[in-house]
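Structure, as structure tokens:
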Amino acid sequence: MLIGFCVPLFNIGAVWPMARHAGQHFGRELLRNPLILATASGLAANLMGLHIPGWLDPTVQRIGQAALALGLMAAGAGMQLGHLASGKALGAAVLALKHLALPLVALGMSRLFRLDATQTQVLLMFSAVPTASSCYVLAARMGHDGAYVAGLVTLSTLLGIASLPFALGVLARL
């Protein structure tokens, strides 16, 4: 439920500066954003008690499982390694914050709020997962440097190989 609330909220937060930078109307960009519309409508359906019929569940699950791979394929197709050179310091900072600082902050928050071991592991897991491929979709759709974002998504996916074991193996034991 929390993720269903936070995803549209964070997407709204991402759309606002991009719309402002592009000189587009913020409200219009929100109403045209498929990521926000899909998540908000799914949350609304859940809150209304609507469910997928049991006979349709296997098909929808397969589509959902394929979505991650398709998103990464789209980001990979849009990636141009030369674009990463244009903002090396920014990219390194963003990836360091995402894969090192965020798990450390999550550990600190788990201690501050005295979470139990299971809650701490879940928080650490969510803090260390790679950047969503939907970042590329949003950047490309709104006319920004999709190739640069695609490179960051790809590098973040590769860094997830190290950040997830770091968060779940090292930090979870502290």
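Things worth noting here:
- Among the conditions (1) open to solvent by 90 Å² or more (accessible area, probe 1.4 Å); (2) free of Cβ contacts under 8 Å to residues at least 24 places away in the same chain, the only one that Leu81 does not satisfy is (2).
- Matching entry among Ala92, Ala106 (being closer than 23 Å to Phe10 by Cβ, in a helix (DSSP H, G or I) and out of contact with any helix residue (DSSP H, G or I) (no Cβ under 9 Å at 6 or more places or on another chain)): Ala92
- When we screen Gly76, Gly64, Gly49 for residues that are open to solvent by less than 60 Å² (accessible area, probe 1.4 Å), modelled with pLDDT of 90 or more and not hydrophobic (A, V, I, L, M, F, W, C), the only hit is Gly49.
- Out of Ala150, Ala140, Ala162, Ala167, one residue alone is at pLDDT below 85 and either among the hydrophobic types (A, V, I, L, M, F, W, C) or not in a loop (DSSP other than H, G, I, E, B) (or both). It is Ala140.
- Hey, Tyr148 open to solvent by less than 70 Å² (accessible area, probe 1.4 Å), under 17 Å from the mean Cα position of the chain (by Cα), among the hydroxyl-bearing types (Ser, Thr, Tyr) and farther than 22 Å from Thr39 by Cβ or not: yes
- Residue list for region 155-174, restricted to those being open to solvent by less than 40 Å² (accessible area, probe 1.4 Å) and either among the hydrophobic types (A, V, I, L, M, F, W, C) or within 27 Å of Ile36 (Cα to Cα) (or both): Ser156, Gly160, Ala167, Leu171, Ala172
- For region 107-119, the tally of residues that are surrounded by 17 or more Cβ atoms within 10 Å (Cβ to Cβ) and either under 18 Å from the mean Cα position of the chain (by Cα) or in contact (Cβ under 8 Å) with a residue 24 or more places away in the chain (or both) stands at 1.
- Region 29-63: number of residues that are of a type in the set (Asp, Glu) and over 23 Å from the mean Cα position of the chain (by Cα): 1
- Residue within region 93-100 that is open to solvent by less than 60 Å² (accessible area, probe 1.4 Å), at pLDDT 95 or above and small (Gly, Ala, Ser) present: yes
- All positions within region 124-134 that are closer than 23 Å to Ile12 by Cα, modelled with pLDDT of 85 or more, part of a helix (DSSP H, G or I) and open to solvent by less than 60 Å² (accessible area, probe 1.4 Å): Ser127, Ala128
- Residue in region 120-143 that is more than 17 Å from the chain's Cα centre (by Cα) and without any contact (Cβ under 8 Å) to a residue 60 or more places away in the chain present: yes
The values are calculated or read from the model by the stated rules, or taken from the named source; none is laboratory data. Everything numeric in this text was worked out from a predicted model, so none of it was measured. Neighbour counts run over all protein chains shown; Cβ positions are idealised from the backbone, glycine included. Please note that ligands, DNA and RNA were not included when accessible areas were found on the heavy atoms of the full protein model with its side chains. Shrake-Rupley method; radii C 1.70, N 1.55, O 1.52, S 1.80 Å.
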